[in-house]
Structures are given as C-alpha cells and as structure tokens.
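To keep things clear, I will list the structure first and then write my remarks on it.
Computed from the coordinates by the stated procedures, all read-outs in this text should not be read as laboratory data. Quantities reported herein were computed from a predicted structural model and do not represent experimental measurements. All Cβ positions, glycine included, derive from the backbone under ideal geometry; neighbour counts span all protein chains shown.
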Amino acid sequence: AKSGGKNRVALYHPQLRANQLDLTRIATGLRHATQRQEFTLNYQPVIDLTNDAVIGVEALLRWTPSGGAPVSPADFIPLAEETGLIVPIGAWVLHQACVDARAWHERYGVGVAVNVSGRQLREPDFPETVLDALRRSGLPGSGLILEITETALVAAGAAETTSVIERLERLRQHGIRIAVDDFGTGYSSLSYLRQLPVDILKIDRAFTAVAGDTEQSAENAAFTRAILQLGHTLDLHTVAEGVETAEQAGALRQMDCRLAQGYHFARPMPAADLTRALASPASV
Ligand code: C2E
Ligand code: CA
Ligand code: CA
Ligand code: CA
C-alpha cells in the first residue's frame, strides 16, 4: 500500500495538477470578467509629507469573480499579461480611472496614477488608447500618470525600447507624466534612466522600512537617501511606497522625502470613499 501511495503521487502530481487547474480556471474567468463587470478599481492616496494633503491617487485593480472570492492582483495580473488579456483589461482600467478622477482633479487638483504593463506599452496603438480615455472622460493629460516598472521599460529589445520611448514621449506632450514603479528592484542602470522619458520615481516598499535601529533599516535608509538624491539631481519627483508606520513617515520626513503612500496614511479604497475623504480631509 505504501509503494502504491508513492506511485500515485508520482503519476498524478496532485499538487501540480491542482495548481494547473487553478490557473486554467483563472484564465477562463479572466476572459469573461470585463464583460461580466467583475472588475473594480480601488484608489490609494499619495500624501504630501509637508502638510499631509492628498496630492494624487493610485488606481489598483480588484477582481471578484461572480459567486467567488476576490483574486489577488499578484495572482491574476501575471496571467493576464501572459495571455495578452491585460491589453483589453488595461484599456478598461485606463478609461475607468480617468472617469473617476475627473472630478477629483477638477475640484482638488488630485491626479490619478494608472499601472501599465510592458505588454500594453508594446501595442503600437497604446498612445491612442490612453488619449481616447482622456477624451472620453474629459480628464486633462496633466491629471494622468502612467506607472511603469523599470523591468517593463527595459526588458524589451533595443528596437522595441526605441518605439516604447517614442510612444511615451508622445504622451508626455499631452501633459501625461511617467512614473518608474518599484524603483530599485529592477536592473535598469543609471545611464538608462537618463534616456527614459521619466518624471517620477516610486521607491519600492522594500526600501521604505527606514525606521528603527536594525542593520536592515540603516541599509534601507542609505538606499532611500541615495534614490532621493538621484531624483533631486535628475529633477524628478520621488514617492516612497508602502509606508506602514508613523516612525517610517517621520524618518522619511527627516530625509526631506516629500511624497509618500502606504497603509499608515490610507489603504486603497473604493472611488465613493475617496470622494468622501477628499471632501473632509481630516478623515483620510
Ligand atoms: P504596485 O503597483 O507596486 O502597487 C502597490 C501595492 O502595494 C498594492 O497592492 C497596494 O495595495 C500595496 N500597498 C500599498 N500600501 C502598502 C503598505 O503600506 N504595505 C503593504 N504591505 N502593501 C501596500 P495590490 O493592489 O495587491 O497590487 C499588487 C500589484 O498588482 C501592483 O503593485 C501592480 O504591480 C499590480 N497591479 C494592480 N493594479 C494593476 C492594474 O490596473 N494594471 C496592472 N498592469 N497592474 C496592476
Ligand atoms: Ca504601482
Ligand atoms: Ca510599486
Ligand atoms: Ca509592485
């Protein structure tokens, strides 16, 4: 019986099979999710550390399959990228974020940052998709930021990178700003950064644990200081991501870090909650 059990494991790989089935099920579900209106956007405030004002928000995609539990973006975004579904899903995100942000921008000057995958950037008509979202929503280009990971910016071949840069330059002419997401975790070199049409660096959460007297936090602090300095030199804005405690916020303030985002200030929330929070700033 013992060896039989072993055999079964070898033949059926139950764990592996379960994972594959799961992925197939998620991929099938994703295909219908837009038309079934299963996606929503949450918005997380970006805070000015000098006066605690909300200066912008980041749009974060949420997926709850009908009758099911929410699926984490960490699970479905990679699959959406692999299957190419991120292109239509991303177009929906862009449009919905611009629609939601229009009033926030008009009343409070709050802009919206939208995450964009490398796969979307590689579509020749990506600029049209973005400009169309602006036109249909009435949000001006100055109210939109595109967040792109350094990996997505750099991973393409040289020829492809050139056309991606051209596309981003074109969008910047409309006042749209470009943020490098998760900065510090990828492999882009400094010389690369100078060539890229970039306005904002978002310092990855891995480096914003800068408070306390552990060796790790001292190292993080040195790293964060270096990125802030780099941003200053290149005339870029910098945002510290994933700030979870008052101590971290205080340490960042002392480093003259101006902008931050994280659970300490506010969690991602539905559009209606953000509208309320902006109307009564004390509650953010
Ligand atoms: P990201 O762009 O780096 O977004 C920040 C993530 O950190 C979000 O996770 C946010 O909820 C979380 N976060 C914010 N503050 C804190 C904090 O203080 N502590 C911790 N531990 N986490 C914090 P989320 O919403 O699960 O999204 C995960 C990733 O999925 C995003 O990372 C982004 O890469 C991707 N993603 C989300 N929405 C979209 C989208 O519309 N399009 C694309 N292409 N990717 C998206
Ligand atoms: Ca982001
Ligand atoms: Ca990030
Ligand atoms: Ca990330």
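Taking 7 Å along the Cα-to-C-beta vector as the label spot, tell me the HIS264-GLU123 distance in nanometres, rounded to one decimal.
Placing both labels 7 Å beyond Cα along the Cβ direction yields 3.8 nm.
Could you list which residues have their amide H under 5 Å from that of GLU58, counting only those 5 or more apart in sequence or on another chain, with H placed in the peptide plane?
Those lying under 5 Å, H to H, from GLU58 are GLN44, VAL46, ALA113.
Helix by helix through the chain, keep the DSSP H runs that span 18 Å or more along the axis on Cα and average at least 0.0 on Kyte-Doolittle, and give those back in order.
Passing helices, by number: 86-108.
For the chain, what is the per residue volume of the convex hull drawn over the alpha-carbon atoms, in cubic angstrom?
Values: hull volume 50.9 nm³, N = 284.
Convex hull volume per residue, Cα atoms: 179 Å³.
Which residues does the label zone of ALA69 cover in region 254-268, counting backbone N under 11 Å from a point 7 Å along Cα→Cβ?
Inside the label zone: nothing.
Each residue of region 50-57 in turn: what ³J(HN,Hα) in whole Hz from Karplus with 6.51, -1.76, 1.60 and θ = phi - 60°, glycine and Pro shown as x?
So the J values, rounded to whole Hz, are 6, 9, 6, 7, 7, 9, x, 9.
Quick one, can you get me the convex hull of the C-alpha atoms of region 76-160 expressed as volume per residue in Å³?
Convex hull of Cα atoms, per residue: 96 Å³.
Could you tell me the center-to-center distance, by alpha carbons, between region 29-59 and region 199-237 in angstrom?
Value for the Cα centre distance between the two parts: 24 Å.
Suppose R0 equals 25 Å. What FRET efficiency, 1/(1 + (r/R0)^6) with r the Cβ-Cβ distance, do THR162 and THR34 give to the nearest 0.05?
Calculated transfer efficiency: 0.20.
Using the 2.2 N^0.38 Å rule of thumb for compact globular proteins, work out how region 203-284 stacks up: its C-alpha Rg over that value, please.
That ratio works out to 1.20.
So how far apart, in nm, are the two label points at LEU190 and GLN229 if each is 7 Å from Cα heading toward Cβ?
The two pseudo-label positions are separated by 0.9 nm.
Whose amide H sits under 5 Å from the amide H of ALA240, counting only residues 5 or more places off or on another chain, with H placed in the peptide plane?
Excluding prolines and chain starts, which carry no amide H, the hits are ILE203, LEU259, ALA260, GLN261.
Which length gain, in nm to one decimal place, applies between ASP22 and LEU131 when the Cα-Cα distance is subtracted from 0.36 nm times their residue separation?
Extra length from ASP22 to LEU131 when fully extended: 35.6 nm.
Near GLY186, within a Cβ-to-Cβ distance under 12 Å, what is the net charge of the other residues, with Lys and Arg +1 and Asp and Glu -1?
-3
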